[in-house]
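Single-structure report; data block below.
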Amino acid sequence: MAIKLSELLKEDLRTQYAIRAKIETGLSVGAAGVGSTLADKPVVKDGRDRFIIPGSHLKGRLRHECEKLARALGKTVCESPRAELMCPQHNSRKDEERAIDIRKGIRADFPDEYGQIRDEVLKTAHLFCAVCRLFGNPEKQSVLLISDLVWEKAVPVETIRNRVAINRRRSTAEDKKLFFIETAPVGGELDFTGTLTVSRALTTEEKKMLVAAFAQIHALGGGKTGGAGWLRVICEGLI
Ligand SMILES: [Zn+2]
């Protein structure tokens, strides 16, 4: 997606919020199956040899949680990640009726908080759902920028060491895929910090949705098998 120079110059309109993620390091070695250990969690190392949670990964999860929340509240959101089903297309070429339904839903949900912009947007055919308005899509630049979350503290080598993931089929080390592995009882928390940058003022409704979505993230990556509560993410100062 092309980045316009005018967008880069709008630095003064941007607001930054601190993001803090706490990872519980589990109870003890041998507690296999408990599911609350650090082993095999997608924390990677960046070019400066720091342990990070990639911002793109966190943003993907945040979008997913926002979609779930919006749907639970009865709002109409498009069907990411397939570009042809996302705003403003809604697969209108193949299923015009469904596309009309989605546009009707988005119009009905469009918040009053947008004031004058609301009327302008509703007049155009390019309607974007509540999630695309924040996270963007192939047609629209995202309002949100999430940095990598970094664990700045020195790695306690005696308790946690890392290993390179081995691709079993190819028997080769997978590039940059590092996983923590626990080697001793720890039971503490690791603090990762980063920033959320927003490029326009958020509505109260958007702030509430983001706060709730951050609170819903308990795991990243292979989160389906991860024990609940091993990861907590908060964004400070949003509300
Ligand atoms: Zn959308």
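Before moving on, here are some points about what is shown:
- Ordered by the count of other Cβ atoms within 10 Å of each Cβ, fewest first, 69, 58, 122 give 122, 69, 58.
- Using the Cβ of residue 210 as centre and a radius below 14 Å, the other residues enclosed give a net charge of +3, where K and R count +1 and D and E count -1.
- One compactness figure for the range 47-151 is 1.23, namely its Cα radius of gyration divided by 2.2 N^0.38 Å.
- Summing charges over neighbours of residue 56, with a neighbour being any other residue whose Cβ is under 11 Å away from its Cβ, gives +2 when K and R count +1 and D and E count -1.
- Taking each of 59/208; 22/59; 104/140; 123/207; 75/123; 68/208 in turn, the alpha-carbon distance tops 18 angstrom for 104/140; 123/207; 75/123.
Values in this text are rule-based calculations from the coordinates and carry no lab data. For clarity, every value in this text was computed on a predicted model and none was experimentally measured. Cβ sites come from the backbone with ideal geometry, for glycine too, and all protein chains shown count toward neighbours.
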